[in-house]
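Data block below; observations after.
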Amino acid sequence: MALSHQQKQQVIDYLQENARAECPLCEGHFEIHDRLLMPQAFEHGETERGGGIPLVIGTCGNCGNTQFFSAEVVGIDLNEA
Ligand SMILES: [Zn+2]
(Lines give C-alpha, C1' and ligand atoms only; values in the text may rest on other atoms or scores of the structure.)
Protein backbone atom coordinates (compact mmCIF):
# COMPACT_ATOMS: atom_id res chain seq x y z
CA MET A 1 0.00 0.00 0.00
CA ALA A 2 1.38 3.40 -0.94
CA LEU A 3 1.59 6.40 1.35
CA SER A 4 -1.43 8.65 1.04
CA HIS A 5 -1.19 12.36 0.30
CA GLN A 6 -2.06 12.95 3.97
CA GLN A 7 0.74 10.67 5.19
CA LYS A 8 3.27 12.37 2.92
CA GLN A 9 2.14 15.77 4.21
CA GLN A 10 2.53 14.39 7.75
CA VAL A 11 6.21 13.71 7.00
CA ILE A 12 6.73 17.23 5.63
CA ASP A 13 4.98 18.71 8.69
CA TYR A 14 7.19 16.60 10.98
CA LEU A 15 10.35 17.79 9.24
CA GLN A 16 9.26 21.41 9.41
CA GLU A 17 8.62 21.11 13.14
CA ASN A 18 11.62 18.98 14.13
CA ALA A 19 14.34 19.37 11.55
CA ARG A 20 15.46 21.30 8.54
CA ALA A 21 12.71 20.65 6.01
CA GLU A 22 14.73 22.04 3.09
CA CYS A 23 17.45 20.16 1.24
CA PRO A 24 20.79 20.72 3.03
CA LEU A 25 22.58 20.98 -0.33
CA CYS A 26 20.47 23.50 -2.22
CA GLU A 27 17.57 24.45 0.10
CA GLY A 28 15.09 22.90 -2.36
CA HIS A 29 11.96 21.11 -1.21
CA PHE A 30 11.77 17.39 -0.51
CA GLU A 31 9.22 15.31 -2.37
CA ILE A 32 8.11 12.27 -0.39
CA HIS A 33 7.93 8.99 -2.33
CA ASP A 34 4.78 6.90 -2.37
CA ARG A 35 6.52 3.77 -1.10
CA LEU A 36 8.53 3.01 2.01
CA LEU A 37 11.96 1.41 1.68
CA MET A 38 13.01 -1.57 3.81
CA PRO A 39 16.75 -2.19 3.47
CA GLN A 40 18.02 -5.54 4.65
CA ALA A 41 20.56 -5.78 7.43
CA PHE A 42 23.89 -7.38 6.51
CA GLU A 43 26.07 -9.32 8.92
CA HIS A 44 28.88 -11.82 8.54
CA GLY A 45 28.61 -11.92 4.76
CA GLU A 46 24.86 -12.60 4.62
CA THR A 47 21.65 -10.63 4.66
CA GLU A 48 19.69 -10.95 7.85
CA ARG A 49 15.97 -11.61 7.58
CA GLY A 50 13.84 -9.16 9.48
CA GLY A 51 16.80 -6.96 10.29
CA GLY A 52 15.70 -3.86 8.43
CA ILE A 53 13.68 -0.83 9.45
CA PRO A 54 11.04 0.89 7.29
CA LEU A 55 12.19 4.20 5.86
CA VAL A 56 10.45 7.14 4.26
CA ILE A 57 12.27 8.39 1.16
CA GLY A 58 12.59 12.10 0.45
CA THR A 59 14.13 13.41 -2.77
CA CYS A 60 14.95 17.05 -3.41
CA GLY A 61 12.98 18.20 -6.43
CA ASN A 62 15.79 20.58 -7.40
CA CYS A 63 19.11 18.71 -7.08
CA GLY A 64 18.03 15.09 -6.54
CA ASN A 65 19.61 14.68 -3.11
CA THR A 66 17.81 11.73 -1.52
CA GLN A 67 17.48 11.16 2.20
CA PHE A 68 15.86 8.51 4.35
CA PHE A 69 13.79 9.07 7.48
CA SER A 70 12.64 6.48 9.99
CA ALA A 71 8.96 5.85 9.27
CA GLU A 72 8.38 5.16 12.95
CA VAL A 73 10.01 8.38 14.14
CA VAL A 74 8.12 10.57 11.67
CA GLY A 75 4.87 8.99 12.84
CA ILE A 76 3.77 6.81 9.94
CA ASP A 77 1.31 4.12 11.04
CA LEU A 78 2.97 1.06 9.53
CA ASN A 79 -0.33 -0.81 9.44
CA GLU A 80 -1.61 1.81 7.01
CA ALA A 81 1.50 2.24 4.85
ZN1 LIG B 1 18.65 19.85 -3.22
*Which of the residues that make up region 39-67 are within 14 Å of LEU3 (Cβ to Cβ) and touching a strand residue (DSSP E or B) at 6+ places or on another chain (Cβ under 7 Å)?*
LEU55, VAL56, ILE57, GLY58, THR59
*Cβ-Cβ under 7 Å pairs, at least 6 apart or on other chains, region 68-79 side β-branched (Val, Ile, Thr), far side surrounded by 12 or more Cβ atoms within 10 Å (Cβ to Cβ) and in a strand (DSSP E or B)*: VAL74/VAL56; ILE76/VAL56
*Just wondering, is there one or more residues in region 55-74 that are within 16 Å of the ligand (Cβ to nearest atom), surrounded by fewer than 16 Cβ atoms within 10 Å (Cβ to Cβ) and among the charged types (D, E, K, R)?*
no
*Under 9 Å by Cβ, and 6 or more places apart or on different chains, what pairs join a residue from region 26-51 that is in contact (Cβ under 8 Å) with a residue 24 or more places away in the chain and of a type in the set (S, T, N, Q) with one that is within 16 Å of the ligand (Cβ to nearest atom) and part of a strand (DSSP E or B)?*
none
*asked:* within 16 Å of the ligand (Cβ to nearest atom), hydrophobic (A, V, I, L, M, F, W, C) and either over 22 Å from GLU80 (Cα atoms) or buried (at least 16 other Cβ atoms within 10 Å of the Cβ) (or both): is that true of ALA21 in this structure?
replied: yes
*asked:* Need the failing condition index for GLN7 against (1) within 16 Å of the ligand (Cβ to nearest atom); (2) at pLDDT below 95; (3) surrounded by 12 or more Cβ atoms within 10 Å (Cβ to Cβ), just the number.
replied: (1)
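The values are calculated or read from the model by the stated rules, or taken from the named source; none is laboratory data. Bear in mind the structure is a predicted one, so any value in this text is a computation, not a measurement. No Cβ is skipped: glycine too gets one built from the backbone with ideal geometry, and neighbour counts run over all protein chains shown.
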